[in-house]
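Peer 1: What follows is a structure written as structure tokens; I'll ask about it next.
FYI, it's all coordinate maths here, none of it is from the lab. Not measured: the values here are computed from a predicted model. We place every Cβ from the backbone using ideal geometry, glycine too, and count neighbours over all the protein chains shown.
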Amino acid sequence: MPLTKSVSRDIQWDIQEFLYREALALDERRFRDWLAYLADDIRYEVPVRVTREALAEWELSPTSRIFDDDRETLEVRVQRLETDFAWAEQPPSRTRHYVTNILVDFTEVPDEYLVSSNCFIYRSRGDDTNPSLYSMFRKDTVRWTEDGWRLARRWAAFDQALINAHNLSIFI
């Protein structure tokens, strides 16, 4: 991997704090606030991981997605969570997002940065004593706008091929 020119510590810290606040909004179920962190042209993508032979060319499906959302579909998902018809979230999930190993790199687009991170999500529901644990790698594009930082793209890959959940109705 070639060495890249590092961003300033101020930018690194600002983006890191932005990601922490975005995760906090999700953990506190402030989904409307979370939508405000997203750019209008957001792309939110989570490919399916497939267990394959050792020398296979890929283990993340090039076409199948767990999530493949834009701004409109994310807003619909949030609207649904605000109704009594989100049965997959009755009772609501309690989540804790742990975002670590944050690396920020320049892109060719001014005021946009490529952010690599690891994310671990703890999810519990109701009185169930068995929480769901999700480990993943994320590649985000974060953009500086006149309104502050915005998430322009989220691409996340689960480490596990089999997801330990009856449903996956949380945000990554």
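Peer 1: Report the FRET efficiency, 1/(1 + (r/R0)^6), for Ile11 and Thr100, where r is their Cβ-Cβ distance and R0 is 22 Å, rounded to 0.05.
Peer 2: The formula returns an efficiency of 0.75 here.
Peer 1: With θ set to phi - 60° and the Karplus curve 6.51 cos²θ - 1.76 cosθ + 1.60, what are the ³J(HN,Hα) couplings of region 156-170 in order, to the nearest whole Hz, using x for Gly and Pro?
Peer 2: 9, 10, 5, 6, 9, 7, 9, 8, 7, 6, 6, 8, 10, 10, 9
Peer 1: For region 9-158, just the Cα set please: Rg and Dmax, both in angstrom.
Peer 2: 16.3, 48
Peer 1: Could you list Arg21, Arg125 in order of exposure, starting from the residue whose Cβ has the fewest other Cβ atoms within 10 Å?
Peer 2: Ascending Cβ contact count within 10 Å gives the list Arg21, Arg125.
Peer 1: Still on this structure: Would you pull out the residues with amide H under 5 Å of Leu38's amide H, same chain only if 5 or more places away, H placed 1.01 Å from N?
Peer 2: Answer set, sorted by chain and number: Leu151.
Peer 1: Expressed in nm², what is the orientationally averaged projection area of the convex hull enclosing the Cα positions of region 57-143?
Peer 2: Approximately 8.5 nm², given one-decimal rounding.
Peer 1: Ok, one more. Hey, what do the phi angles of region 9-23 turn into as Karplus ³J(HN,Hα) couplings, whole Hz, using 6.51/-1.76/1.60 and θ = phi - 60°, x for Gly and Pro?
Peer 2: Computed from phi, the couplings for region 9-23 are 4, 5, 5, 4, 5, 4, 5, 4, 5, 4, 5, 5, 5, 4, 5 Hz.
Peer 1: Can you order the peptides 41-47, 109-115 by their average number of other Cβ atoms within 10 Å per residue, highest first?
Peer 2: In decreasing order of mean packing, 41-47, 109-115 become 41-47, 109-115.
Peer 1: Using only the C-alpha atoms of region 97-172, find the volume of their convex hull and express it per residue in Å³.
Peer 2: 109 Å³
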